[in-house]
1. The conditions are (1) open to solvent by 50 Å² or more (accessible area, probe 1.4 Å); (2) touching a residue at least 24 places away in the same chain (Cβ under 8 Å), and R93 fails exactly one of them. Which is it?
2. For the range 125-145, check the following and say yes or no: at least one residue is within 19 Å of the chain's Cα centre (by Cα), part of a helix (DSSP H, G or I) and of a type in the set (S, T, N, Q).
3. For R99, indicate whether it is in a helix (DSSP H, G or I) and touching a residue at least 40 places away in the same chain (Cβ under 8 Å).
4. Restricting to the range 22-53, name every residue that is modelled with pLDDT of 50 or more and assigned to a helix (DSSP H, G or I).
5. Inside the range 57-66, can you point out the residues that are under 15 Å from V109 (Cβ atoms) and modelled with pLDDT under 90?
6. Only one of (1) open to solvent by 70 Å² or more (accessible area, probe 1.4 Å); (2) modelled with pLDDT under 95; (3) not small (G, A, S) fails for Y108. Which number is that?
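The values are calculated or read from the model by the stated rules, or taken from the named source; none is laboratory data. Please read these numbers as outputs of a predicted model, since none were measured by experiment. Note that each Cβ is placed from the backbone with ideal geometry, even for glycine, and that neighbours are counted across all protein chains shown. Heads up: the accessible areas ignore ligands, DNA and RNA and are worked out on the full protein's heavy atoms, side chains in. Shrake-Rupley method; radii C 1.70, N 1.55, O 1.52, S 1.80 Å.
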Amino acid sequence: APSRRLPVVLQNAGPGDVAYLDRNQKTLQRLAGVDPPRLLAAGEGDTVVTTVFDVAQGLAWPEGYPGRALANDFWRRWRGHEDELAGDPDARRALEDARRDGDLDVAYVYAGQAVGALRRARPAREVVAEMAAEAERLLARWSAR
């Protein structure tokens with residue numbers, strides 16, 4: 001539940017540090033570029049820590065900073081072959097085309113292990129109202145100390 005994570009968010013966040021992906025269908029589509037059923041069906045074991053998608057995009061992340069994404073056919077094809085992938089313009093185009101076309105067997109969907117906690121889509125207003133109410137309760141409790 002969002003309210004269980006809220007104390008950690010409030011205690012550790014600085015200005016601009018918080019991005020919250022709710023379980024609302026439209027928000028998931030807009031922010032993640034993925035259809036909600038794909039995320040709702042995924043479990044924590046469906047994610048992989050990888051550099052495959054970064055290499056395919058030509059992103060030069062420092063060593064030791066992979067991303068966590070849903071495993072798919074593109075990842076299965078290229079994992080362990082990142083050097084070859086880096087020099088393959090056709091693979092890069094295929095990834096770009098897949099992102100544009102919503103082909104999730106090729107396109108990347110960055111998602112943490114918490115994707116397994118997603119159970120249903122809810123309206124954004126419901127999620128935001130729940131978070132705001134919990135924030136008010138926590139802030140009131142903390143200011144009373």
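1. Exception for R93: condition (2).
2. Looking only at the range 125-145, we keep the residues that are within 19 Å of the chain's Cα centre (by Cα), and these are 127-128.
Still in the running and part of a helix (DSSP H, G or I): 127-128.
Subset that is of a type in the set (S, T, N, Q): none.
There is no residue in the range 125-145 that is within 19 Å of the chain's Cα centre (by Cα), part of a helix (DSSP H, G or I) and of a type in the set (S, T, N, Q).
3. Numbers: in a helix (DSSP H, G or I): yes; touching a residue at least 40 places away in the same chain (Cβ under 8 Å): yes.
Criteria met by R99.
4. Going residue by residue through the range 22-53, those that are modelled with pLDDT of 50 or more are 33-53.
Those that are modelled with pLDDT of 50 or more and assigned to a helix (DSSP H, G or I): P36, P37, R38, L39, L40, A41, E44, G45, D46, V52, F53.
5. Within the range 57-66, no residue meets the criteria.
6. (1)
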